[in-house]
Amino acid sequence: MAILEIKDLVVGYGAFPVLHGIDFVVEEGEVCVLLGLNGAGKTTTVTTIAGLLRPTSGQVLFEGSPLGRKPPSSRVKSGISLSPEGRRVFPRMTVGQNLKLGAWSQRRSPALVKRQMKLVLDYFPRLAEREHQIAGTLSGGEQQMLAVARAMMSNPKLLIIDEASLGLSPTLARVVWEATARIASDGTTVLMVEQNAGALPFADRALVMEKGTLIRTAVGEDVKNLDVRAAYLGA
Amino acid sequence: MTMMITRKFQAVALAAAITLTVPACGQKSGVASQVVVGGVPGQVAADGSIVPGTTAADGSAVGVPGATGGVTGGTPTGGGSTTGGGSTTGGSKTTPSGTGGGGEAPPATAPRSGGGDTTGVTDTTIKVGIHAPVTGAAAIPQQSFEKAVGVYFDMVNKKGGINGRKVEVKFEDDQFRPDTARARCKKFAEQDKVFLIIGGAGADQIDACARYAASASVPYLSAGVHETRPGQAPLSSLSTYFALSLTYEQQTPLLARTYKASYNGQKVAVITADNDSLDNFHGKAVGAIKAAAGSNLAYERRIPKNTTSDAPGIAGEICRSGAKAVVWNASPSSLLNVAKVLTCKVGFIGPGLTNGLNIVAEVGCDNIANARFYSPFPGMDVMRRNAEFVNAYKASNGGSAPDDLGAAIYGVESLVGMILAATGKDLSRESFMATIGKVKQFNNGIYPPTNFSSRFGGTAMHLLRADCSKSEFVTEKVNVRP
Amino acid sequence: MNLPLYEQLAIALTAGVLRGAVYALVALGIVLVFRGSGVFNFAQAEFGTTGLFAAYWALTVQGWSYPVSFAFGMAVAIALGLLTERLVIHPLRDSSRVTLLVGTAGVALAAIGLQFWLFNETLVMSMPKIHDGYFTTPWGAIVTMQELITLGVLAGGAALLALFFRSPSGLAIQAAQQERVASELVGISVRRVSMLTWGIAAALGGLAGILAGPYLTFSAGFLSFGAVGSLLPGFMAAVLAGMRSMPGAVAGGLLVGAIEQLSSLEVFAESIPGAGAMILFVFLLVVLLVRPQGIFVGRAVTA
Ligand SMILES: Nc1ncnc2c1ncn2[C@@H]1O[C@H](COP(=O)(O)OP(=O)(O)OP(=O)(O)O)[C@@H](O)[C@H]1O
Ligand SMILES: [Mg+2]
């Protein structure tokens, strides 16, 4: 069953539409990569899913039910967690506090928070060493890890990561992707926004966007055969 | 009967009309004082007495009509400009005076004035300007002034006016600011062309307006305030100024006497606001108290005009000095603030006007219990029994009961009304001012009787005492003479 | 009456710290709002005056008991804070800081106007103290119980705030201050945090107003520019605290109060009218020249 279903989604900023009616699904347990050039509308798509933007028309269904006008707080409570573009860690708080805040929506179940904390520090051992460091002083790669780790703290069913590899060295990007793959294999569905085709080997499904429309979808074996350059050129 | 002119009035002689300021009673008449625009300091004795001889020596005595130039309309102020009457400035209150006839009155019937300055006077109307701090003066509710002004003249108008003329009141808010007061009085003189101006309250505003009025040759009357102001001509030298009650300086013997009567042998402090117009008062008050108390004068200080954050410091110093009595001449809001933070019991003594208003007792009790202030009008305990006043106030204000500000303004208005009446049908600014000097005493039963042997016509004050069981000032003694 | 200088100084500093407690309460609110909304809140002191007027009305017009009147005043102050958030801050949240600043100044003016309008008949008001007692310190300063209570409330309030900011809700407030989008994404309602911030700030203002009101008489605009004018001193204290540090705001408030009272020394008192404001401005100017970031700038992270 599709955990996430996007139906004819139209989103705009002010009067200008940016997404011109896109449809796709993400199946439970898979890793889905959303590719596209700068300005294609990837971030717009995922922030709409997280509830930060209101669609002009169309629907987002999560676990079969439409999310409607639910605010971000209730979406994260029901299991959608976004690690936003640009990391957006809480700069004047420690790594530990950032992670604790990631579990804000689950603050009434301290046992779960404890478990998640252990889990994410296990995914990202580098953060464990730096639990008391002020987040603003972390390196870019560490901040990215923190952003993903924080998003995992709410124990989401669907983890969305917007451009994890941005600004990271190829090695560091791999570290993040590998951790993501582990998260997925532990049962969390992952939707990754990427410009970097290096993420494709980790994907079960690939979507290619261009100028606000979805131009290609590949599933399973097709992902490996996806000619990204051709996709980017709209071929 | 509250209105009583003790001396029968005589028609004004032509000589009196030429006499521009008031000759001192009992002094040889016929010597013209001067009206010079702006007034000439130094020609008048410092104590405010008018010495015609010295003025005459100046040699610059000028015939009225010419000297007052533009302001004066010469003889008959034609039906046109001054009798229009209907135009009322925003927010001001014009006493309904039925000037209808006046407006249409042909110039031929304009008053005979014997050549004097009849600005603001027609056959049927007299235009009067009053300024008061409707806004800006803490502690005085806005409506109090609005309700108070014109009450007396309304009543008089209903009875047919003064010598057949209805009094039309122009009222302006001076915002408790001297520059505004000056501007409003300029408007009175130049635009409204009033006959005379009355200062409702506020020493610095009265000072500012009085100086302007003298320069424009407009008679100006108010309750007594200070006498001098550093760097400026004394108020007594202003050619059109008249204080209707004792000045602050004149009251200092009263303050010393009250100290002696109630606090003899105990420590005393003298606190005065730091307005420069009170420099002279402060010196005299300290002198008088020192004479009465000797080394018991424990503390003296000038305080900011509006004491707020300094209040605890001042109160602390009063208490540390051990003073049991405080001679106080500063604003009521300062009084309330200092009294509120006092941690010792003291009795306040001071000149009245606003400090004697009931709002001070209402807010300040019990901190100002038994405070004694000398006021030109009696407390409401007396004024409530004055049926003429109460009825007039109610008639003008839709039945609402009078307050003490109403009494204060009523007192001034009625005193001015008496002088106007005494001047007679031949009303000009000259004849009006001459009458003030000639008629020895005006006594309206509210203000203490006047006696204008100088610019300062006050003879006595009423002593009010804060009665905290009633939360108001009660009249302890009337007509206390220095 | 010439006290020795050191005694005068001791008296002035005592009075200054006591008055500074009011400034500190106002400064705390200013800092809180600045951190929360990035706004210079010119309405901070008027939350206090409005609360004071409400308490006065409840106590003297309605005749309610002191505790009930106090609570009512606090409720009105908090309501005004929340209303400001709803009607001014939230709608203008994407505007420039200057616009927001003008917005809060507008709230202050509206509040003063309202006070004038509703209490036109009694322009000068006076409210009884919680406790009428006072004592004289060995060095001759007079301390009223009311002032002592205010100082105690400041200490207690500051301690509670510190505790609160270490709690999860406090952490959430700080998170929203540091990263709005991320806060939304982890499920913190930034809107609710903003309301909470303004509510607490208004409560601090309310405490300042209702506690300081009985010191002296009061009229409209009392806590901004009136008898206990605390808006400028409060801002000075906040600036000393770098606009961020809460302990800094407390220390700054007390210091500003103390420095202002130096004007009561005999050297200044009669020779220079308004010496307090002058000394204060010179002091602030020097501080800003020497340490533009403020002098009581603690670590921004409180937990
Ligand atoms: N707040 C905004 N107001 C107006 N237009 C916006 C806004 N945010 C994005 N856009 C526009 O919407 C389009 C899609 O932007 P979006 O951020 O979704 O692209 P993207 O695919 O995430 O690009 P990138 O890979 O560069 O992050 C762009 O043309 C962008 O300029
Ligand atoms: Mg993007």
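The values are calculated or read from the model by the stated rules, or taken from the named source; none is laboratory data. Treat the numbers as computed from the prediction; the structure is a model and nothing was measured. Methodologically, a virtual Cβ is constructed for each residue, glycine included, from the backbone with ideal geometry; neighbour enumeration extends over all protein chains shown. SASA here: full protein model, heavy atoms, side chains in, ligands and nucleic acids out. Shrake-Rupley method; radii C 1.70, N 1.55, O 1.52, S 1.80 Å.
The table below lists the values:
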read-out: Residues of region A:148-200 satisfying the condition of being assigned to a loop (DSSP other than H, G, I, E, B), away from ligand 1 (no atom under 16 Å from the Cβ) and of a type outside the set (Asp, Glu); value: A:153, A:154, A:155, A:156, A:157, A:169, A:187, A:188
read-out: Checking residue B:417 against (1) assigned to a helix (DSSP H, G or I); (2) buried (at least 24 other Cβ atoms within 10 Å of the Cβ); (3) not hydroxyl-bearing (Ser, Thr, Tyr), the condition it does not meet; value: (2)
read-out: Flag for residue A:55 being farther than 23 Å from residue A:140 by Cβ, within 15 Å of ligand 1 (Cβ to nearest atom), open to solvent by 10 Å² or more (accessible area, probe 1.4 Å) and in a strand (DSSP E or B); value: no
read-out: Test: residue in region A:82-101 that is part of a loop (DSSP other than H, G, I, E, B), surrounded by fewer than 24 Cβ atoms within 10 Å (Cβ to Cβ) and more than 10 Å from chain C (Cβ to nearest Cβ); value: no
read-out: Region A:40-81, residues that are away from ligand 2 (no atom under 16 Å from the Cβ) and within 11 Å of chain C (Cβ to nearest Cβ); value: A:51, A:71, A:72, A:73, A:74, A:75, A:76, A:77, A:78, A:80, A:81
read-out: For residue B:263: the one exception among (1) outside the structural domain of residue B:132 (by TED's automatic domain parsing); (2) out of contact with any Lys or Arg (no Cβ under 8 Å at 6 or more places or on another chain); (3) among the aromatic types (Phe, Trp, Tyr); value: (2)
read-out: Residue A:46 vs. criteria more than 15 Å from ligand 1 (Cβ to nearest atom), touching a residue at least 40 places away in the same chain (Cβ under 8 Å) and among the β-branched types (Val, Ile, Thr); value: no
read-out: Residue ID - modelled with the lowest pLDDT, chosen from residues in region A:46-91 that are at positive phi and touching an Asp or Glu at 6+ places or on another chain (Cβ under 9 Å); value: A:86
read-out: Residues satisfying the stated conditions in region A:201-224, i.e. more than 23 Å from residue A:38 (Cα to Cα) and part of a helix (DSSP H, G or I); value: A:221, A:222
read-out: Residue check for residue B:337: more than 9 Å from chain C (Cβ to nearest Cβ) and polar (S, T, N, Q); value: no
read-out: Selection within region B:174-193 - open to solvent by 50 Å² or more (accessible area, probe 1.4 Å) and not in a helix (DSSP H, G or I); value: B:175, B:176, B:177, B:193
read-out: Subset of region A:1-33 that is outside any strand (DSSP E or B) and open to solvent by 60 Å² or more (accessible area, probe 1.4 Å) - its residue that is nearest to residue A:189 (Cα to Cα); value: A:28
read-out: Unique residue being among the charged types (D, E, K, R) and either at positive phi or under 17 Å from the mean Cα position of the chain (by Cα) (or both) when the list is B:430, B:413; value: B:413
read-out: Residue within region B:318-325 that is more than 14 Å from chain C (Cβ to nearest Cβ) and of a type in the set (D, E, K, R) present; value: yes
